[in-house]
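Chemist: Let me begin by handing over the structure; questions about it come next.
The values are calculated or read from the model by the stated rules, or taken from the named source; none is laboratory data. Just so you know, these numbers come straight off a predicted model, no measurement behind them. Cβ placement follows ideal geometry from the backbone for every residue including glycine, while neighbour counts extend to all protein chains displayed.
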Amino acid sequence: MRKFVTVYAVLGILFMASFLFGNDATAQTILTGDVEGGSALLRGLKSFWRFTGFANIAIGNIIMIFAGLFFIFLGIKYNYEPLLLVPIGTGIIIGNIPFIDQAMGVQLGMWGENNTGFQIGIYEKGSVLNYLYFGVVKGIYPPLIFLGIGAMTDFSSLISNPKLMLLGAAAQLGIFATFIGAMALGFEIHEAGAISIIGGADGPTAIFASSKLAPHLIGSIAIAAYSYMALVPVIQPPVIRLLISKKERLIRMKPPRAVSKTEKILFPIIGLILTLFISPTAIPLLGMLFFGNLLKESGVTERLADTARTKLIDIVTIVLGLTVGASTQASVFLTFESINIFVLGAASFVVATAGGLIFAKVMNLFLSPENKINPMIGAAGVSAVPDSARVVQHEGLKSDPSNHLLMHAMAPNVSGVIGSAVAAGIMISFLM
């Protein structure tokens, strides 16, 4: 613990020194290069200092660096989506280390306009980070993640009880509520469409829609979507307890029926054709999702399915998380737009959760006593797989330690993935 305190103390001293140094007349002379007859050593030190992050630090960079550290803390300490928050948090730190870019170098007279600079920033053409970020801007990574999700998802619970798909559809209320809210806050209609997908609780889908509708908001939208996905265990339980009575939480559901291999093979094929005829603009996402699931269920492409659900999705997740985090440079990210997007994101998750819960209660009005569903599984309609299903399981066990709802909750959970992709496709087709 003392080591961590020492490290943070040193960082704090260096940050403060950078500001104090900038206020000292002599130091400022060295920074601006107004040194006549200085020794070679002094000129070398001056040049070295000008290129350090401490000489170029701004308060916004410090705020974002601490935000990145907070993401890493949440991922490691509380296990909140560590596979997402640790890469994103690290990316935020990387993206907010200040350096002299090409434009600043020209402005300071350090090099000519034809000098490309160091090419290290994510927004500098030719840099490694910029090339990696290309996959985010052009929507390349989300379909690859959907391929992996399809290869690791078991749709048996949905196939055995298809009516639970309605809960996944009901939870998409968050998308349309967020769209209305974004318009009310003054966002342009294409921006509102991109922001609205946060309500689907699906990070890859939000990034894909943003790449088509509002590329300049990808960073803010992605960070908001993934942040609230990680906070599902914090956001959803209070909403569940508020809307679902103690008696309703004790409802026991019949065990799901056994699903045949033939049904499992036919589901991705039928789902592929049906959903893509409804929303062809969702082909990159749903096409990959159902293709990945077919690889898993066919029984003859296990090697491909294993690659998709392990190595491929891991590599894409690393690159996606790191570059999305790095895109949050303070000068780009710390705006009123980003604040509004975060507020809308929090509201959209609450509305989406409430939509699934309320619709489950409405469904029970038309079901016989032996077929009633536990309304808590409606919260799993948001497509944060499998976290929202785990939340339902946890809340169910708190009410009745012998009532296991995980398998039932997975049905609306996976249907929420499909529903959010369809909703995004429809939104894109309306606004493009």
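Chemist: If you go through segment 190-211 one residue at a time, do you hit one that is modelled with pLDDT under 95, within 18 Å of residue 343 (Cα to Cα) and not in a helix (DSSP H, G or I)?
Modeler: So far as segment 190-211 goes, yes, one or more of its residues are modelled with pLDDT under 95, within 18 Å of residue 343 (Cα to Cα) and not in a helix (DSSP H, G or I).
Chemist: Here's another thing I want to ask about it. Anything in segment 256-266 that is exposed (fewer than 13 other Cβ atoms within 10 Å of the Cβ) and touching a residue at least 12 places away in the same chain (Cβ under 8 Å)? List them, or say none.
Modeler: 257, 258, 261
Chemist: Further, regarding this structure: Scan segment 74-95 residue by residue and report those that are closer than 15 Å to residue 233 by Cβ, among the aliphatic types (A, V, I, L, M) and over 12 Å from the mean Cα position of the chain (by Cα).
Modeler: 74
Chemist: Got a sec? Which of 411, 380, 360 is in contact (Cβ under 8 Å) with a residue 24 or more places away in the chain, under 15 Å from residue 243 (Cα atoms) and over 18 Å from the mean Cα position of the chain (by Cα)? Lay out the reasoning, then the answer.
Modeler: Numbers: 411 fails: under 15 Å from residue 243 (Cα atoms); 380 fails: over 18 Å from the mean Cα position of the chain (by Cα).
Result of the check over 411, 380, 360: 360.
Chemist: Just to be sure before I move on: is residue 348 in a loop (DSSP other than H, G, I, E, B) and buried (at least 20 other Cβ atoms within 10 Å of the Cβ) in the structure I sent? Write out each step before concluding.
Modeler: Numbers: in a loop (DSSP other than H, G, I, E, B): no; buried (at least 20 other Cβ atoms within 10 Å of the Cβ): yes.
No; evaluated as a whole, the condition is false for this residue.
Chemist: Kindly check whether there is at least one residue in segment 280-295 that is over 17 Å from residue 146 (Cα atoms) and not acidic (Asp, Glu).
Modeler: no
Chemist: Return the residues of segment 276-307 that are among the aliphatic types (A, V, I, L, M) and either touching a helix residue (DSSP H, G or I) at 6+ places or on another chain (Cβ under 7 Å) or outside the structural domain of residue 208 (by TED's automatic domain parsing) (or both); say none if nothing qualifies. Explain how you work it out, then say what you get.
Modeler: From segment 276-307, those among the aliphatic types (A, V, I, L, M) are 276, 278, 282-283, 285-286, 288-289, 294-295, 300, 304-305; that's our starting set.
Listed by number, the residues that qualify are 276, 278, 282, 283, 285, 286, 288, 289, 294, 295, 304, 305.
Chemist: Looking only at segment 363-378, which residues are among the small types (Gly, Ala, Ser) and either surrounded by fewer than 17 Cβ atoms within 10 Å (Cβ to Cβ) or modelled with pLDDT under 95 (or both)?
Modeler: So in segment 363-378, the residues among the small types (Gly, Ala, Ser) come out as 368, 378.
Once the filter is applied, which keeps residues that are among the small types (Gly, Ala, Ser) and either surrounded by fewer than 17 Cβ atoms within 10 Å (Cβ to Cβ) or modelled with pLDDT under 95 (or both), segment 363-378 yields only 368.
Chemist: Quick one: how many residues across segment 217-265 are hydroxyl-bearing (Ser, Thr, Tyr), farther than 23 Å from residue 182 by Cβ and part of a helix (DSSP H, G or I)?
Modeler: 1
Chemist: Going residue by residue through segment 335-344, is there one that turns out to be crowded, with 20+ Cβ neighbours inside 10 Å, under 18 Å from the mean Cα position of the chain (by Cα) and either in the same structural domain as residue 158 (by TED's automatic domain parsing) or more than 19 Å from residue 246 (Cα to Cα) (or both)?
Modeler: Yes, segment 335-344 contains a residue that is crowded, with 20+ Cβ neighbours inside 10 Å, under 18 Å from the mean Cα position of the chain (by Cα) and either in the same structural domain as residue 158 (by TED's automatic domain parsing) or more than 19 Å from residue 246 (Cα to Cα) (or both).
Chemist: While we're looking at this one, here's another question. Would you point out the residue of segment 383-407, among those that are touching a residue at least 12 places away in the same chain (Cβ under 8 Å) and of a type in the set (Gly, Ala, Ser), that is farthest from residue 200 (Cα to Cα)?
Modeler: 399
Chemist: Mind checking which helices (runs of 4 or more DSSP H) fall wholly inside segment 6-88 and carry at least 2 residues that are within 30 Å of residue 229 (Cβ to Cβ) and modelled with pLDDT of 55 or more?
Modeler: Once the helices (runs of 4 or more DSSP H) in segment 6-88 are filtered for at least 2 residues that are within 30 Å of residue 229 (Cβ to Cβ) and modelled with pLDDT of 55 or more, what remains is 59-77.
Chemist: Let me ask you something else. Inside segment 179-189, can you point out the residues that are touching a residue at least 60 places away in the same chain (Cβ under 8 Å) and outside any helix (DSSP H, G or I)?
Modeler: Initially, segment 179-189 is screened for residues touching a residue at least 60 places away in the same chain (Cβ under 8 Å), giving 179, 181-182, 185, 187, 189.
Scanning segment 179-189 gives 185, 187.
Chemist: So if I check each of 250, 243, which one is surrounded by 15 or more Cβ atoms within 10 Å (Cβ to Cβ), touching a residue at least 24 places away in the same chain (Cβ under 8 Å) and more than 25 Å from the chain's Cα centre (by Cα)?
Modeler: Unique residue meeting the criteria: 243.
Chemist: Cβ-Cβ under 7 Å, sequence separation 6+ or interchain: first residue in segment 122-142 and in the same structural domain as residue 93 (by TED's automatic domain parsing), partner polar (S, T, N, Q) and surrounded by fewer than 18 Cβ atoms within 10 Å (Cβ to Cβ). Which pairs?
Modeler: Cβ pairs passing all conditions: 126/116; 126/119; 127/119.
Chemist: Could you look through segment 388-402, keep only residues that are farther than 22 Å from residue 226 by Cα and hydroxyl-bearing (Ser, Thr, Tyr), and pick out the one that is surrounded by the fewest Cβ atoms within 10 Å (Cβ to Cβ)? Explain how you work it out, then say what you get.
Modeler: As a first pass, look at segment 388-402 and keep what is farther than 22 Å from residue 226 by Cα: 395-402.
Going one step further and asking which of them are hydroxyl-bearing (Ser, Thr, Tyr), we end up with 399, 402.
Working: 399: 18, 402: 7.
My answer is 402.
Chemist: Looking at residue 385, is it in a loop (DSSP other than H, G, I, E, B) and crowded, with 16+ Cβ neighbours inside 10 Å?
Modeler: yes
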